[in-house]
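Enquirer: First, the structure itself, so that you have it in front of you.
The values are calculated or read from the model by the stated rules, or taken from the named source; none is laboratory data. Owing to the predicted nature of the structure, the values given are computational and were not obtained by experimental measurement. Here the Cβ positions follow ideal geometry from the backbone for every residue, glycine too, while neighbour counts run over all protein chains shown.
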Amino acid sequence: MKKIALVGYGYWGPNVAKNIYRNKNLEFAYICDKRQERLNLAKDIYAESVNYTVDYTDIIEDPSVDAVALAVETSAHYELAKMALLAGKDLYVEKPFTDNVQDALELKSLALERGLIIHVDHIMVYHPAIRKMKEIIDRGEIGDFIWIDCSRLNLGQVKNDVNSMWDLTVHDLAIVEFLTGGSKVKSVKAMGTKMYSSRYSITQLMVQYEDFFSSMRASWISPIKERKLIVAGTKKMIVYDDVDVVNKLVVYDKGFDVKEEMEYSQYVVKARNGDAYIPQLNVEDALYNSLEHFRNCMVTREQSMTDADAAIRVIDILERADESLDSLIQRG
């Protein structure tokens, strides 16, 4: 049984802790947080079943710990992850992997040198609806990709350590990466507005992939909550609406048929409006699935679906998007 330690018991850490504890094939060894009051909250739940520490080196220096799970602010990922890898421990880290590509490449190299696993929790890849979308796409049901539209809007949780792209759009980039098998990116453009934060609170990201286009909106300032993904293909289209509790995933037989008009020797495009169906989805917890996938990778020593390479491709787009935002300021 693999022994794992959790670092960070703030905003997301309690959710990770709960799912580590649920997994009976993992031994929950430590909860670490620099704030004692957070550890006290954890101790109220897990009592003496877990060790508690404010000192990260307690975990690093414990040879019995097989893996470290990081649920801390993004700016701390690189330093803490590097210490874990140098200590020979597998790594589970919340998204985004790091706040720049260079640090991510160094961590990847360290893991490869030591034969260690890096699993980045791009949680939506482990959501049953996204997995079902992948099945439908892989069997060729939607045809070729034309356009993927993503929106993540809500009111609140304004952050100052990352902008709304690094906080929200990162999920959609990971989904597109997964659904399309890591399609090559040709160009990236972004626009945004700063409000109630030193970072961009509202962003619009446009990514031209090799064979299709994707638009991605993110906002912490919206009167409604929206988590929607539209995949338009040459055969069919899929809509995933995470807010809709009844029809989260719908496959539409809608699109266009191109026919050659013999009389005029030209092509005629006609709209097609067919039936729609709602695929059956398994009732699963995406975070539990992510942790279980990591556990399985630790056992088999196979690379994660959301390994360093996949995470680096996402970070590269975000860095290019930041450059695009900066260029807008310079031109202004």
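Enquirer: Hand me the list of strands (runs of 3 or more DSSP E) wholly inside segment 1-120 holding 3 or more residues that are under 19 Å from the mean Cα position of the chain (by Cα).
Expert: Answer list for segment 1-120: 67-70, 90-94.
Enquirer: Among the residues of segment 56-70, are any hydrophobic (A, V, I, L, M, F, W, C), under 23 Å from Ser304 (Cβ atoms) and without any contact (Cβ under 8 Å) to a residue 60 or more places away in the chain? Even if it seems obvious, please write down each step before you answer.
Expert: First, the residues of segment 56-70 that are hydrophobic (A, V, I, L, M, F, W, C): 59-60, 65, 67-70.
This time we only want the ones that are under 23 Å from Ser304 (Cβ atoms), so: 59-60, 65, 67-70.
Then drop every residue that is not without any contact (Cβ under 8 Å) to a residue 60 or more places away in the chain, which leaves 59-60.
Yes, because at least one residue in segment 56-70 is hydrophobic (A, V, I, L, M, F, W, C), under 23 Å from Ser304 (Cβ atoms) and without any contact (Cβ under 8 Å) to a residue 60 or more places away in the chain.
Enquirer: Quick check on this structure: which one of Asp257, Asp241, Asp211, Asp275 is surrounded by 12 or more Cβ atoms within 10 Å (Cβ to Cβ), farther than 30 Å from Leu85 by Cα and at pLDDT below 95?
Expert: On inspection, the qualifying residue turns out to be Asp211.
Enquirer: Right, next: Tell me yes or no: at least one residue of segment 122-142 is touching a His at 6+ places or on another chain (Cβ under 9 Å) and basic (Lys, Arg).
Expert: The answer is no; no qualifying residue exists.
Enquirer: Restricting attention to segment 105-125, which residues are in contact (Cβ under 8 Å) with a residue 12 or more places away in the chain and of a type outside the set (A, V, I, L, M)?
Expert: Glu106, Lys108, Arg114, Gly115, His119, Asp121, His122 - these are the residues of segment 105-125 that are in contact (Cβ under 8 Å) with a residue 12 or more places away in the chain and of a type outside the set (A, V, I, L, M).
Enquirer: Across segment 148-185, which residue is modelled with the lowest pLDDT among those that are over 14 Å from Lys225 (Cα atoms) and charged (D, E, K, R)?
Expert: The selected residue is Asp161.
Enquirer: Given the conditions (1) more than 27 Å from Ala308 (Cα to Cα); (2) aromatic (Phe, Trp, Tyr); (3) within 21 Å of the chain's Cα centre (by Cα), which single one is not true for Phe178?
Expert: Just one mismatch for Phe178, condition (1).
Enquirer: I've got another one for you. Looking at this structure, is Asp90 charged (D, E, K, R), surrounded by fewer than 19 Cβ atoms within 10 Å (Cβ to Cβ) and modelled with pLDDT of 95 or more?
Expert: Answer is no for this residue.
Enquirer: In segment 215-236, which residue that is outside any strand (DSSP E or B) and basic (Lys, Arg) is surrounded by the most Cβ atoms within 10 Å (Cβ to Cβ)?
Expert: This residue is Lys236.
Enquirer: Got a number for residues in segment 205-253 being within 22 Å of Leu155 (Cα to Cα), more than 19 Å from the chain's Cα centre (by Cα) and touching a residue at least 40 places away in the same chain (Cβ under 8 Å)?
Expert: Result for segment 205-253: 4.
Enquirer: Do you know which residues across segment 194-213 are more than 18 Å from Ile175 (Cα to Cα), outside any loop (DSSP other than H, G, I, E, B) and out of contact with any Leu (no Cβ under 8 Å at 6 or more places or on another chain)?
Expert: Lys194, Ser201, Ile202
Enquirer: For segment 121-157, how many residues meet the condition of being assigned to a loop (DSSP other than H, G, I, E, B) and touching a helix residue (DSSP H, G or I) at 6+ places or on another chain (Cβ under 6 Å)?
Expert: Number satisfying all stated conditions: 2.
Enquirer: A further question on this structure: Here is a check on your reading of the model: is Ser183 of a type in the set (Ser, Thr, Tyr), part of a loop (DSSP other than H, G, I, E, B) and either crowded, with 19+ Cβ neighbours inside 10 Å or in contact with a strand residue (DSSP E or B) (Cβ under 8 Å, 6 or more places away or on another chain) (or both)?
Expert: For Ser183, the condition - of a type in the set (Ser, Thr, Tyr), part of a loop (DSSP other than H, G, I, E, B) and either crowded, with 19+ Cβ neighbours inside 10 Å or in contact with a strand residue (DSSP E or B) (Cβ under 8 Å, 6 or more places away or on another chain) (or both) - is met.
Enquirer: Another question, then. Only residues that are out of contact with any Phe, Trp or Tyr (no Cβ under 9 Å at 6 or more places or on another chain), assigned to a loop (DSSP other than H, G, I, E, B) and surrounded by 14 or more Cβ atoms within 10 Å (Cβ to Cβ): list them for segment 286-332, please.
Expert: Gln303, Asp307
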